[in-house]
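Engineer: Take this structure first; my questions come after.
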Amino acid sequence: MDFQAIRSLVIEDLEQTNTLIHTHLDSHVAVIKEIGHYIVDAGGKRSRAILALLSSRVCGLPQPKAALFSAIIELLHAATLLHDDVVDGSELRRGKPSANMIYDNSASVLAGDFLYSRTFEMMVELNNMDLLKRLAIATNTLAEGEMLQLQNCHKCDITEADYLKVIDCKTATLFTVAAEIPALLNSAPEPIQQALENYGHSLGIAFQLVDDVIDYTSNEATMGKSQGDDLAEGKITLPLIYAKANGTTEDRKVIDEAILHGDATALPKILEIIQRTDSTNQVLNKAQFFVNQAKSALAILPESRYTTALAHFADLAVSRSA
């Protein structure tokens, strides 16, 4: 089952989600509305929204609540992108100039703040205190993850455990709540809630690990951003951690110098080291481990085409190129 086949299972719900997203982007301040539309209409796949809708179908959550919740998830994601691009100084997002390049950093940050606060208005519509608490914790965790990543920039001694802690916070958090909260909203049994939470968490880790590989193996046209952006920002991700572990003393010196100085000119040499040490395949194997964990978590769910789609959705996390 490919991505389009999965998407087609929830297409009516997704259309309603998109309608809600655009409705809630409305603001009497024109530039906020303009930036909001720019980021949400930039060509993303709506992966997190689709995940929320599939989980909603598995749990039997009624469509109005499912669509509203998936819109919340997508707008939260959009807010994080606006803030991330400012923090990272990114120039491209999905193959187009990032919002901060067009509207400047201040406007992008404030638009991101607007989206965050708007999502909490939307959460109130669902009238569920457990939801509010869970998503409040999640947004705090997202911010903590970004701060951890910022603290780790230009540091050469970051371990695999350090790095997994960062992506646990900054990426897996939103996948986790997207998968688990539909079960909470529909008062599903605790084992079902836990299974979907475990699924979303493992999927989120796998998704980010593949993103890390793509940063060193794809090109700008395919991935929608410049190759080696992580290196230029002084971020040491798992491909580099494994390359250092598998490489020579000289390899480690080259990588450390590039990370320390954010030296994008070292990219060709870094790519040669990564290829020679087979580090990307090692990262993909780690991602596959988490995909397998995600699929195993689905075992207690009732069999349905939506549960099957969740399993295929996880498989697609490691087979994508962008």
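Nothing in this text is a laboratory measurement; each read-out follows from the coordinates by a stated rule. Just so it is clear, the structure is predicted and the values come from calculations on it, not from any experiment. As a convention, Cβ positions derive from the backbone with ideal geometry for all residues, glycine included, and neighbour counts pool all protein chains shown.
Engineer: Determine the sum of side-chain charges near residue 59: Lys and Arg each +1, Asp and Glu each -1, restricted to other residues whose C-beta is under 11 angstrom from that of residue 59.
Structural biologist: Once all neighbours under 11 Å are counted, the net charge is +1.
Engineer: Would you be so kind as to identify which of 249, 72, 110 lies farthest towards the positive end of the dipole of the chain, taking Lys and Arg as +1 and Asp and Glu as -1 on Cβ and the Cα centre as origin?
Structural biologist: Checking the options against the dipole of the chain, the answer is 72.
Engineer: Shifting gears a bit: Show which lysines lie in cross-link reach of residue 45 when reach means a straight Cα distance below 30 angstrom and same-chain residues fewer than eight apart are skipped.
Structural biologist: List returned: 33, 65, 96, 133, 165, 170, 225, 235, 286, 295.
Engineer: Using modelled backbone amide H atoms (1.01 Å from N, in-plane), which distant-in-sequence or interchain residues come within less than 5 Å of residue 154's amide H?
Structural biologist: 235, 236
Engineer: Report the gain in length on full extension from residue 3 to residue 147: 0.36 nm times residue separation, minus Cα-Cα distance, nm rounded to one decimal.
Structural biologist: Contour length minus the Cα-Cα distance gives 48.6 nm.
Engineer: A follow-up question, please. Are there trypsin sites (Lys or Arg not before Pro) in segment 1-92 that DSSP puts in a loop and that have at most 14 other Cβ atoms within 10 Å, and which ones?
Structural biologist: For trypsin sites (Lys or Arg not before Pro) across segment 1-92 that sit outside H, G, I, E and B with at most 14 neighbouring Cβ atoms in 10 Å, the list reads 45.
Engineer: Say a paramagnetic label sat at a point 7 Å from the Cα of residue 248, along Cα to Cβ; which residues of segment 267-295 have their backbone N under 20 Å from it?
Structural biologist: 267-280
Engineer: Okay, moving on. What are the ³J(HN,Hα) values, in whole Hz, obtained from phi via the Karplus relation 6.51 cos²θ - 1.76 cosθ + 1.60 with θ = phi - 60°, for each residue of segment 2-8 in sequence order, with x given for Gly and Pro?
Structural biologist: Result, rounded to whole Hz: 8, 4, 5, 5, 5, 4, 5.
Engineer: Packing-wise, with mean Cβ within 10 Å as the measure, how do 166-179, 288-301 rank, highest first?
Structural biologist: 166-179, 288-301
Engineer: I would also like to ask the following. Assuming a ≥ b ≥ c are the square roots of the Cα gyration tensor eigenvalues, decide whether segment 1-90 counts as rounded (a/c under 1.5), prolate (otherwise, with a/b larger than b/c) or oblate.
Structural biologist: prolate
Engineer: Only counting other Cβ atoms within 10 Å, I'd like 70, 106 sorted with the fewest neighbours first.
Structural biologist: Listed from fewest to most nearby Cβ atoms, that is 106, 70.
Engineer: State the percent of C-alpha pairs, over all pairs in the chain, separated by a distance greater than 34 angstrom.
Structural biologist: The share of Cα pairs beyond 34 Å in the chain comes to 22 percent.
Engineer: Going by average Cβ density within 10 Å per residue, which order do the peptides 267-278, 310-321, 120-131 take, highest to lowest?
Structural biologist: 310-321, 267-278, 120-131
Engineer: Next question, about the same structure. Between 234, 200, 43, which gets the highest mean-square fluctuation from a Gaussian network model of the chain, Cα cutoff 10 Å?
Structural biologist: Highest fluctuation of the listed residues: 43.
Engineer: Follow-up question, since we're still on this one. Calculate for the chain the 222 nm mean residue ellipticity that helices alone would give, adding -39,500 (n - 2.57) per DSSP H run of length 4 or more and normalising by residue count, nearest 500 deg cm²/dmol.
Structural biologist: Value at 222 nm, helices only, nearest 500: -24500 deg cm²/dmol.
Engineer: Here's something else I'd like to know. So what's the angle, to the nearest 10 degrees on a 0 to 90 scale, between helix 305-319 and the longest Cα principal axis of the chain?
Structural biologist: 20
Engineer: Long-range amide H contacts for residue 92: which residues qualify at under 5 Å (H placed 1.01 Å from N, peptide plane, sequence gap of 5 or more or a different chain)?
Structural biologist: It is 98, 226, by chain and number.
Engineer: Cβ under 15 Å from residue 289's Cβ, residue 289 left aside: what net charge do those residues give with Lys, Arg +1 and Asp, Glu -1?
Structural biologist: -2
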